[in-house]
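Read through the structure below, which is laid out as structure tokens, and then see the notes.
Nothing in this text is a laboratory measurement; each read-out follows from the coordinates by a stated rule. Keep in mind the model is a prediction, meaning the values are calculated, not measured. With ideal geometry, Cβ positions are generated from the backbone for all residues, glycine too; neighbour counts draw on all protein chains shown.
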Amino acid sequence: MTAIDVRGLTKRYGPETVVDDLSFTVEPGQVTGFLGPNGAGKSTTMRMIIGLAAPDRGTVTIGGRRYQDLPVPLAEVGALLDAGAVHGGRTAHDHLLALAVSNGLPKQRVGEVLARTGLEGVARRRAGGFSLGMRQRLGIAATLLGDPRVLIFDEPINGLDPEGIRWVRDLMRSLAAEGRAVLVSSHLMSEMAQTADHLIVIGRGRLIADTAVSELTRTNGESTVLVRAPASFAPQLVAAGATVREGLESTLLVSGLTAADIGQLASYHGVALSELTPQRPSLEDAFMELTRDSLEFQGAAA
């Protein structure tokens, strides 16, 4: 059964339509990345999924039921939308214990989720003294408390150091491998490229793409070829119709010509190439190409 089913979801705040006739599904057993520029409507959509905001039109179900109809919501879906939503005077242990008791969950789950999120050593510290990264871990621990089959995370790697980012990535992958559905938003495209199986991309509240990561990078963004050659080869590439940018370590990034075209051109001009490597578009390139008409703010080129 589909884990999350969003159908025709629409939300307005005054004259502004924040989410506009949005439909998509989130399936179990995979990490679904939820992407979009600032102001695209991602957080509002997540809030509607778990009943924190009421849609003006459309429906959202989790496992075929509305969130408000779930008998024990934490046992069905865990959601981290705001890492700061914790009583600063409570210890990490007591915060989780209060959630467990109020939801009728086994108390032993507190120790289990503290261990899984690496918080055992700070379980008796007050959450008000936690760094943002530690609060993120505590929020993730709370989502796991009811052992739910559906998990929703809004920017879960904010404030984490490189080790923490890798830990979150591995956790998401392991949760999906257990058959759970994981919906996660992030602005870090490099992390989504390594973490997500499927992508939902929205802009100005509307669906732009609903596709596998590999398909998105294949059909969007411009392929380039990394060329290591004398700098004098650049004007010859431009004259042949290519776009040339300087890369790292005296390389050229060439678009508009294939690697075969570049090799033939180099041979014609007697240019020795020490590297000729086709490069697929990155997820960041594909995302920027896909959402360029949906940006809320656009800066001028430097």
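Structure above, values below:
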quantity: Helix 132-144 axis, angle to the chain major axis (alpha carbon atoms, nearest 10°); calculated: 60
quantity: Length-normalised contact order of region 165-254 in % [C-alpha pairs under 8 Å, at least 6 apart]; calculated: 17
quantity: Rg [Å, one decimal], Dmax [Å, integer] - region 1-136, C-alpha atoms; calculated: 17.1, 49
quantity: Nearest-20 debye value, the chain charge dipole, Cβ charges on Lys, Arg, Asp, Glu; calculated: 1000
quantity: Region 34-95 - Rg (one decimal) and Dmax (whole number), Cα, Å; calculated: 14.1, 40
quantity: By average C-beta atoms within 10 angstrom, highest first, the peptides 31-43, 247-259, 275-287; calculated: 31-43, 275-287, 247-259
quantity: Cα-based convex hull volume of region 108-242 per residue, rounded to whole Å³; calculated: 184
quantity: Helical contribution to [θ] at 222 nm, DSSP H n ≥ 4, -39,500 (n - 2.57), averaged over the chain, rounded to 500; calculated: -9500 deg cm²/dmol
quantity: Charge dipole (the chain, unit charges on Cβ, about Cα centre) - positive-most of LEU144, ILE165, ALA176; calculated: LEU144
quantity: Among ALA92, PHE34, THR61 - extreme Cα towards positive end, dipole of region 14-102, charges at beta-carbon; calculated: ALA92
quantity: Column: log10 I(q)/I(0), Debye, Cα scatterers of region 224-279, q = 0.13, 0.16 Å⁻¹; calculated: -0.23, -0.35
quantity: Protection proxy ranking, peptides 185-192, 145-152, average beta carbon neighbours within 10 Å, highest first; calculated: 145-152, 185-192
quantity: Part-to-part distance (alpha-carbon centres) for region 38-59 and region 206-268, which is given in Å; calculated: 40
quantity: The chain, relative contact order [Cα under 8 Å, separation at least 6], %; calculated: 21
quantity: Positive-pole candidate from ILE208, SER250, LEU276, dipole of region 196-283, charges at beta carbon; calculated: ILE208
